[in-house]
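The values are calculated or read from the model by the stated rules, or taken from the named source; none is laboratory data. The structure displayed is predicted, hence computed values, not measured ones. Every residue, glycine as well, gets a Cβ built from its backbone with ideal geometry; the counts of neighbours run over all protein chains shown. The protein model used for the area step is the full one, side chains on, heavy atoms only, and it has no ligands, DNA or RNA in it. Shrake-Rupley method; radii C 1.70, N 1.55, O 1.52, S 1.80 Å.
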Amino acid sequence: MNPAKTLKLGRNDPCHCGSGRKYKDCHLRIEEEWRSQQLRLRNAQDQLLQRILAKATEAEAAELQTAFDRYWQQRYQFAQLAELNQREGYGADRFMVWFAFDYRRSDGQTLVEQMVHQMQESDLSPLERQLLPTWVNVRLRPYQVERLHPNAGATLRDLLTGEALILADSHASLRLELAEVIVGHLVPVDTPLGRTAPNYYLAGPAAHLTPDTAGPIRTFADVHLEAIRRERPEADWQTLLNERSEIFSHFILILPTDKPDPDRIQNFIAETRQRLLGE
């Protein structure tokens, strides 16, 4: 199906599929139902994320504190969690999203994985059940804004894999700038008519970095992946993200807040290389 063509068709025009029937008697109802279903998925996404984060707040304090120390690298005390939205650009909310999607709890599962395994006994709606399994591999990772679509979102480039993704959140796009780097969690939700790749939405707030951090954050990630591959040559980006996605929070923490400091970033990467690779 070509959505560009269907948008221009009148109800009495010949259907784009070539059947010879009028559009209203052929694909119109199918496509209207598809769009309606995708809208319902977008609405379900908001409710599902709220459920996930609510469960995250119910975690045991000891487990939250262990995760907190790992994410913030002892920069803050767990008792300061409530202050971090103001001090670290929604830092508390960013941490809770990471805790839900990335942190492996004492049973070896992330909270999202645990919810998938318990899905049949849960009170999730059918649409939430449809979405949740597609979020299992969502992790904190860096993206660069490649193109802005006014009132319609943005095209992002995954800085690890090079994959282009459509961020369809029109509200989020208003806060983006061309070429800036965002570090956050993107969840797949709806799939537009005529496309096979889904639209993505931000699960909670993201960190916004200047364009000049794109190269260094990728180099920093390369060092970590190389360290893993020395023991497990088959490791890939998902391996890294499954085991230590918090490194992107650590990278953000060393960035200067007043003015660019390339030497500070390069020294941090060099220290990381020495610590992990002995080089």
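Assorted remarks:
- Sites Val136 and Gln86 - FRET efficiency at Förster radius 25 Å, r taken between beta-carbons, to 0.05: 0.20
- Efficiency of FRET between Glu243 and Arg275 - r from beta-carbon atoms, R0 22 angstrom, step 0.05: 0.85
- DSSP bridge pairs, the stretch 69-204: antiparallel proportion in percent, nearest 5: 90
- When all alpha carbon pairs of the stretch 164-279 are counted in 10 Å bins from zero, the resulting P(r) reads 11, 36, 33, 16, 3, 0 %.
- Label point 7 Å beyond Cα of Gln50 along Cβ direction - residues of the stretch 117-161 with amide nitrogen under 18 Å: 123-132
- Taking a sphere under 13 Å around the Cβ of Arg218 and counting the other residues whose Cβ falls inside, with K and R at +1 and D and E at -1, yields a net charge of -2.
- Only aspartates and glutamates eight or more places from Lys22 in sequence, or on another chain, were considered; those with a Cα closer than 18 Å are Asp13, Glu31, Glu32, Glu33.
- Surface analysis of the stretch 38-275 yields an accessible area of 49 Å² per residue, using protein heavy atoms and a 1.4 Å probe.
- Kirkwood Rh in Å, taken over all unlike Cα pairs in the stretch 230-279: 12.6
- Between the stretch 9-77 and the stretch 184-205, the alpha-carbon center distance in angstrom: 7
- In the chain the Cα-Cα distances spread across 10 Å bins starting at 0 as 6, 25, 32, 22, 10, 5, 1, 0 percent of all pairs.
- Within the stretch 171-279, trypsin sites (Lys or Arg not before Pro) in DSSP loop having at most 15 other beta-carbon neighbours inside 10 Å: Arg175, Arg195
- Globularity index of the stretch 97-200 is 1.18 (Cα radius of gyration / 2.2 N^0.38 Å, N = number of residues).
- Acute angle (nearest 10 degrees) that the helix 214-231 long axis makes with the longest principal axis of the chain, alpha-carbon atoms: 70
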